[in-house]
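> Questions regarding the structure given below will be posed in turn.
The values are calculated or read from the model by the stated rules, or taken from the named source; none is laboratory data. Everything quoted here is computed from the prediction, not taken from an experiment. FYI the Cβ positions are ideal-geometry reconstructions off the backbone, even for glycines, and counts take in every protein chain you see. Surface accessibility is based on the protein's heavy atoms, side chains included, excluding ligands, DNA and RNA. Shrake-Rupley method; radii C 1.70, N 1.55, O 1.52, S 1.80 Å.
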Amino acid sequence: INAEYGEYPTAQPAVGPNQGQRGYLRVGRKTNVFAQRWVQAWVTIPNHQLCIQVGTNESKLDLRVCQVKSESPPFAPDRLFCFSILAPDRTIFLQAGSSQEKEAWIMAIHKCIATSLTATDEKQQYTISDEKTMTSPRRGEVIPLSVLRELQEIPGNMVCADCQKKKPTWASLNLGVLICIECSGIHRGLGVHYSQVRSLTLDALSAEQVQALRDVGNERANRVYNSANTAPSTESHDERKDLIKRKYTELAFTSPHIKEALLDTRKNGCQKTLPVLHLLLQSDEKESSENEVNQKNEDDVIEQVSPS
């Protein structure tokens, strides 16, 4: 074994007792504009983790917050038997030795994710009252599926606030929006002062945090952060990353008067963006409602004085 470059002999994946899937795969990454590097690694799936060992270095991913896709990397579109692991903070590209081996790995990872999430769902013990308030008998529990579905039914929440992918299961607590797992990784990269990311299926949320998500929602938040209704035109990760950065850090698609208020909040060192956002939304909606009433009154006057 060459520990520096991770050169292992090829081997078919196997399943051992209490080990899950294991075997050799190639791990690829782009090193610069014209070059890429692929090294062999020993990969295992103990419990709900994906462990990748190259030489003496080991990297671990929590598969409960990951997705797996059968795809070749954008920097090597013609490379065969590839698949990717999408984590909140990175994407890992792997290559198997054959089509059958690739499918075996993908199936094993899907099974691991499904098993882990099912086990998590069985542990949920929040109770919902008739007034839709949330209580928890003890700290550190995740919300049940009934609350997740309720949040997803809020206007705009059936799709990701940033890329329109269906049924998002992640949230930005201080922005009050639901996002998909790919966009959640980009949000984490912005920093917690811009976006505080949590999983709706894995992380513990307080009653106040869930209520804040109820109060805002994707449709209302996008009236503030995306008044121009800008959306990524492709599946490109780089384009999506650029759009999200401009949307939330530069406030590029925000109307001028709201942008000024949000910038003042940041300038004063206030981290409570959500209450300010909520007040701005209420103010805008009140103004919009008053404009509708005024317009209706004007229409009634015009109708009365107009000849029949």
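> Considering segment 150-205 alone, what residues qualify as being of a type in the set (A, V, I, L, M, F, W, C), more than 9 Å from the chain's Cα centre (by Cα) and in a loop (DSSP other than H, G, I, E, B)? Before the answer, list the steps.
Let us first name the residues in segment 150-205 that are of a type in the set (A, V, I, L, M, F, W, C), namely 151, 154, 158-161, 163, 170-171, 173, 175, 177-181, 183, 186, 190, 192, 197, 200, 202, 204-205.
Keeping just the survivors that are more than 9 Å from the chain's Cα centre (by Cα) gives 151, 154, 158-159, 161, 163, 173, 175, 177, 190, 192, 200, 202, 204-205.
Once the filter is applied, which keeps residues that are of a type in the set (A, V, I, L, M, F, W, C), more than 9 Å from the chain's Cα centre (by Cα) and in a loop (DSSP other than H, G, I, E, B), segment 150-205 yields I154, M158, A161, C163, L173, L175, V192, L200, L202, L205.
> Look through L25, L61 and report the one residue that is of a type outside the set (D, E), closer than 17 Å to F83 by Cβ and at pLDDT 95 or above. Break it down stepwise before answering.
On the way: L61 fails: at pLDDT 95 or above.
It is L25.
> Inspect segment 101-110 for any residue being of a type outside the set (K, R), modelled with pLDDT under 85 and surrounded by fewer than 19 Cβ atoms within 10 Å (Cβ to Cβ) and give the result as yes or no. Full working, then the answer.
Applying the first criterion (of a type outside the set (K, R)) to segment 101-110 yields 101, 103-110.
Keeping just the survivors that are modelled with pLDDT under 85 gives 110.
Keeping just the survivors that are surrounded by fewer than 19 Cβ atoms within 10 Å (Cβ to Cβ) gives 110.
Checked segment 101-110: at least one residue is of a type outside the set (K, R), modelled with pLDDT under 85 and surrounded by fewer than 19 Cβ atoms within 10 Å (Cβ to Cβ).
> Among the residues of segment 134-154, how many are modelled with pLDDT under 90 and open to solvent by 70 Å² or more (accessible area, probe 1.4 Å)?
First pass over segment 134-154, keeping only residues modelled with pLDDT under 90: 134-149.
Next, only the ones that are open to solvent by 70 Å² or more (accessible area, probe 1.4 Å) stay: 135, 137-139, 149.
So the answer is 5.
> Scan segment 194-211 and tell me whether some residue there is crowded, with 19+ Cβ neighbours inside 10 Å, aliphatic (A, V, I, L, M) and under 18 Å from L262 (Cβ atoms).
No, segment 194-211 has no match at all.
> Looking at segment 228-242, which of its residues are touching a Phe, Trp or Tyr at 6+ places or on another chain (Cβ under 6 Å) and in contact (Cβ under 8 Å) with a residue 24 or more places away in the chain? I'd like the intermediate steps shown before the answer.
Quick first cut of segment 228-242, residues touching a Phe, Trp or Tyr at 6+ places or on another chain (Cβ under 6 Å) only: 228, 230.
Of everything in segment 228-242, just one residue is touching a Phe, Trp or Tyr at 6+ places or on another chain (Cβ under 6 Å) and in contact (Cβ under 8 Å) with a residue 24 or more places away in the chain, namely A228.
> OK, next. Could you check how many residues of segment 78-93 are over 19 Å from the mean Cα position of the chain (by Cα), crowded, with 19+ Cβ neighbours inside 10 Å and assigned to a loop (DSSP other than H, G, I, E, B)?
Total meeting the criteria: 1.
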